[in-house]
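Presented below is the structure to which this report refers.
The values are calculated or read from the model by the stated rules, or taken from the named source; none is laboratory data. Please read all numbers here as calculations on a predicted model, not as lab measurements. All Cβ positions, glycine included, derive from the backbone under ideal geometry; neighbour counts span all protein chains shown.
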Amino acid sequence: DLKAQIVCWTLAMLPVYIIGTVWLAEYYGVDMAQAFEWGVEPFLIWDFAKIVVMALVTTKLWSYSQPE
């Protein structure tokens, strides 16, 4: 199901965002809000677009692999 795929792919990205934001904040000595603004915010739209594409692809592939 497409909705479940989008949720799964989004949840898979959360650790990447969290670890990256913490690392950026520590490395540059800025607060988490600034690190989020620099390291996550610019990529949210494109990452969500990739998530939707991947969800569509995986859902379609799985539908072909299911026995009828």
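Remarks
- Residue in the range 45-58 that is of a type in the set (Phe, Trp, Tyr) and over 19 Å from TRP9 (Cβ atoms) present: no
- Selection count, the range 1-25, where residues are surrounded by 11 or more Cβ atoms within 10 Å (Cβ to Cβ) and farther than 30 Å from SER63 by Cβ: 7
- The residues of the range 42-68 that are surrounded by fewer than 12 Cβ atoms within 10 Å (Cβ to Cβ) and among the acidic types (Asp, Glu) amount to a single one, GLU68.
- Any hit, the range 60-67, residues being hydrophobic (A, V, I, L, M, F, W, C), part of a helix (DSSP H, G or I) and at pLDDT below 95: yes
- When the range 26-41 is filtered for residues that are loosely packed, with under 11 Cβ neighbours inside 10 Å and part of a loop (DSSP other than H, G, I, E, B), the ones remaining, listed by number, are GLY29, ASP31.
- Among (1) within 9 Å of the chain's Cα centre (by Cα); (2) at pLDDT 95 or above, the one test that TRP38 misses: (1)
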